[in-house]
Amino acid sequence: MSTDNPLITQLRSIVGPTNVLNEGDLSAWELDWRKRERGHALAVVRPASTAEVASVVKACAAAGVSIVPQGGNTGMVVGSTPDASGTQVVLSLTRMNQVRALDGANLTITVDAGCVLQSIQDACEQAGFLFPLSLASEGSCTIGGNLGTNAGGTQVVRFGNTRELCLGLEVVTPQGEIWDGLTGLRKDNTGYDLRHLMIGSEGTLGVITGATMKLYPLPKAQLTAFAAVPSLDAAVQLLGLAHQHLSAGLTGFEVMGQFALSLVTKHFAQIKVPFQNTDFPYCVVLENSDQESEAHARERFEHLLEVAMEQGCVVDAVVAESITQARALWHIRESIPLAQAQEGLNIKHDISIAVSRIPEFVRQTDALLQAAYPGARLVNYGHLGDGNLHYNVQAPEGGDAEAFLRDDEKGVNGIVYGMVDQYKGSISAEHGIGSLKRDKLVQHKSPVALDMMRAIKRALDPHNLMNPGRMLSIK
Ligand code: FAD
Ligand code: S2G
Ligand code: ZN
C-alpha cells in the first residue's frame, strides 16, 4: 500500500512518523536469521509503550491487517518475519526495553517485552541476583521472544524453560485490549492459567508487552568443566553421575559431536578445544553452581570427574581456573550455530528424546541417513541435560548445499522425524513451530490436540490477525 494509505497515516500518528518504516532496506525485519526466508512487510511499526501497542493493534484490526509480533528476530522456525504478501505489519517490540521493577524480597523482576535477554541478565547480576535463562542468541533475542517461543537454552537442566521462569504477563489481545497479569504471585489459582496459554504461543494469541520473571540468588561459585567422552552412552552415564554428585548444583550439561567441534575450529581459528588429542567422538561442557564456596565447588567437581574417569566415561577433562577460561569453554559450545552457518546451509532438527534413549536413536538414525545420503555430515550437539539435541545435517563435503537442501530436505526430515516418532520424542524441543514446521505439527500431533489448539486460536483471534499461518492454520 502507498505511503498515503490511511492505516499507515494512522500508525504514524500513534507511534510517531519515524517509527513506521515502509521503504528502504527492511531486511533486518523481513529476513529470517537463517537467511533462508525473506518476507515483505506492509510496514514495520515500533511502539514505545503498551498503550501504543494496544492502539496499533486496534488500528490494524479495524483495517483487517494482520500483525507479526517481533522481538530480536533470532527465531529458527520462520515465525517472526512477514509473509511475502506485503500486507502484514511487523510489530517490533525492541523500543520497549525498560526494566520496570526488581523486587529482591519477592525474587522477581518485571520488564518490558523488548528487553534483550543479556540486558536482563546483567541488570539482575548488578543487583546481586541470577536470571538463569541463557542461550547463544542472548545478545539479541528479547524476553518477549523467549516467552513467545518458550525458549530453552543451556540452563534448562536446572531451571527449566522460559515458562518455568515466568510468574506473570502483560498482553495486548487481538482486539487491542490490555490484559495486566503482572502479579508476581507464585500461587494464584483463579481460573485458566492465561499466562501459560500465552507462553509458547509464538505471537498467534496476542502481543506480550511485559513480563514478571523469577530471580535466584547468585551462586557463590560457578565452575565450568570440559570433558572428552568415548561415546554418547558415556555422555549419558556422565550426566547421571553429575546429577548424583552435584544435584541442584548441575546448571548446564551440553554435548558436542566431534564434527560440530571441527567446524568451530575450522571457521574460528582463534578458538581452541582444550585437549591435545581431539580424536574423541564427543565432548561435554558442564557447569557446577555452588552456594557455599569456590573451594567446595572445585572439590565436588574434581571428585565427580575422578569417579567418571575411574568408570571410563570420561577420558580427559579440564576444570576452568578462572571466569575468563570458563567463558572461553562455553564460547566453544556457543559458536557451533555460527560455525554451521559459515559452513553453509544445513538441515536443522531441534528434537527431544528421553535422555536414556538418545545414544540408540543417534546410532540408528545416523545409519539410516548414511545409507540414504552417503557422505552427509552430522552436526550433532545440544542440551543433552534435558534430552534436546540439535541433530543438524550438512551436505556431503564439497557438495552443493543449496541442491542438498532443495532436493533432500524432505527426505532427511522424513527419516529423522520418523525416528523421533518411533522414540516418542518431539519434533520441536525449544524453537517452536513457526511456519517452517506447521505442516509437520499436523503430521506429528494428535487430531484431538490439534482440534483443541484450533478452538483456542478461533476463540481468542477469530479474525486470524495475530501471526496467521504460524504454528497452526485455522482456515
Ligand atoms: P523473534 O525471533 O523475534 O520471535 C520468535 C517468535 O516469538 C515469533 O513467533 C514471534 O512472533 C514471537 N514473538 C516475539 N516477540 C513477541 C512478543 N512480544 N509477544 C508475542 N510473541 C512474540 N532457542 C532456544 O530455545 N534455545 C537455544 O539454545 C537457542 N539458541 C540459539 C542460538 C542462536 C545462535 C540463534 C540465532 C538462535 C537460537 N535460538 C535458541 C532461537 C531463538 O533465539 C529463540 O527462539 C528466541 O527465544 C527468539 O527470541 P527473539 O526475541 O529473537 O524472537
Ligand atoms: C543452540 C541453535 C540452533 C541451531 O545453539 O542451542 O538452539 O540448530 C541452538 O543451530
Ligand atoms: Zn538450543
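Readers should treat all values here as calculations from the given coordinates under stated rules, not as data from a laboratory. All figures in this text were calculated on a predicted structure; none of them were measured in a lab. Cβ coordinates were reconstructed from backbone atoms using ideal geometry, including for glycine residues, and neighbour counts include every protein chain displayed.
Could you give the semi-axes, largest first, of the ellipsoid that matches the chain, computed as the square roots of 5 times the alpha carbon gyration tensor eigenvalues and rounded to whole Å?
Equivalent ellipsoid of the chain: 38, 27, 20 Å, largest first.
Explain nothing, just the number: relative contact order of the chain, from Cα pairs under 8 Å at least 6 residues apart, as a whole percent.
15
Using only the Cα atoms of the range 295-388, build the gyration tensor, take square roots of its eigenvalues as a ≥ b ≥ c, and label the shape rounded, prolate or oblate: rounded if a/c is under 1.5, else prolate if a/b is larger than b/c, else oblate.
Because a/c hits 1.5 or more and a/b fails to exceed b/c, the range 295-388 counts as oblate.
Could you tell me how many cubic angstrom of Cα convex hull volume the range 284-441 has per residue?
151
Using modelled amide H (1.01 Å from N, peptide plane; none on Pro or chain starts), what sits under 5 Å from the amide H of V379, excluding residues fewer than 5 places away?
Distant-sequence amide H within range of V379: N392, V393, Q394.
Which one, V157, V99, G184, is farthest towards the positive end of the dipole of the range 67-207 when Lys and Arg carry +1 and Asp and Glu -1 on their Cβ?
V157
By how many degrees, between 0 and 90 and to the nearest 10, does the Cα long axis of helix 401-422 differ from the longest principal axis of the chain?
Helix 401-422 and the main axis of the chain meet at about 80 degrees.
Assign unit charges at the C-beta atoms only (+1 for Lys and Arg, -1 for Asp and Glu), then state the dipole size of the range 171-210 relative to its Cα centre in Debye, rounded to the nearest 20.
Computed charge dipole of the range 171-210: roughly 160 debye.
Could you tell me the extents of the range 172-313's C-alpha atoms along the three principal axes, largest first, rounded to whole Å?
Dimensions of the range 172-313 along the principal axes of its Cα atoms: 60, 39, 28 Å.
Can you list residues from other chains, or at least 5 along the same chain, whose modelled amide H is less than 5 Å from the amide H of L465?
none
Using alpha carbons only, how many degrees (0 to 90, rounded to 10) separate the axis of helix 50-63 from the longest principal axis of the chain?
60
Determine ³J(HN,Hα), in whole Hz, for all residues of the range 427-435 in sequence, where each value follows from phi through the Karplus function 6.51 cos²θ - 1.76 cosθ + 1.60 and θ = phi - 60°; x replaces Gly and Pro.
7, 8, 6, 9, 7, x, 10, x, 9
Near K440, which lysines are there with a Cα under 18 Å away, not counting those fewer than 8 places off in the same chain?
K348, K410, K424, K475
For the range 111-224, max minus min Cα coordinate along each principal axis, in Å, sorted largest first?
Ordered largest first, the range 111-224 gives principal extents of 47, 30, 24 Å.
For a quick protection proxy, order the peptides 354-364, 256-266 by their average other-Cβ count within 10 Å, most packed first.
In decreasing order of mean packing, 354-364, 256-266 become 256-266, 354-364.
Search the structure for amide H atoms under 5 Å from the amide H of G72, placed 1.01 Å from N in the peptide plane, and list their residues when 5 or more places away or on another chain.
Here the answer is T142, G145, since their amide H atoms fall under 5 Å of that of G72.
Per residue of the chain, what 222 nm ellipticity follows from adding -39500 (n - 2.57) for every DSSP H run with n ≥ 4, rounded to the nearest 500?
Helix contribution divided over all residues of the chain: -11000 deg cm²/dmol.
Between S247 and L368, what is the label-point separation in nm under the 7 Å Cα-to-beta-carbon projection?
Computed distance between label sites L368 and S247 equals 4.1 nm.
For the Cα atoms of the chain, what angle does the longest principal axis make with the long axis of helix 447-460, in degrees from 0 to 90, nearest 10?
Approximately 40 degrees, to the nearest 10.
If you wrap the range 1-69's Cα atoms in a convex hull and average its projection over all directions, what's the area in nm²?
4.8
With θ set to phi - 60°, apply the Karplus curve 6.51 cos²θ - 1.76 cosθ + 1.60 along the range 226-238 and write out the HN-Hα couplings as whole Hz, x wherever there is a Gly or Pro.
So the J values, rounded to whole Hz, are 10, 10, 9, 10, x, 6, 6, 4, 5, 5, 5, 5, 4.
Would you kindly work out the equivalent ellipsoid of the range 141-180 from its C-alpha gyration tensor and give its semi-axes, the square roots of five times the eigenvalues, largest first in whole Å?
Semi-axis lengths for the range 141-180 are 24, 10, 6 Å.
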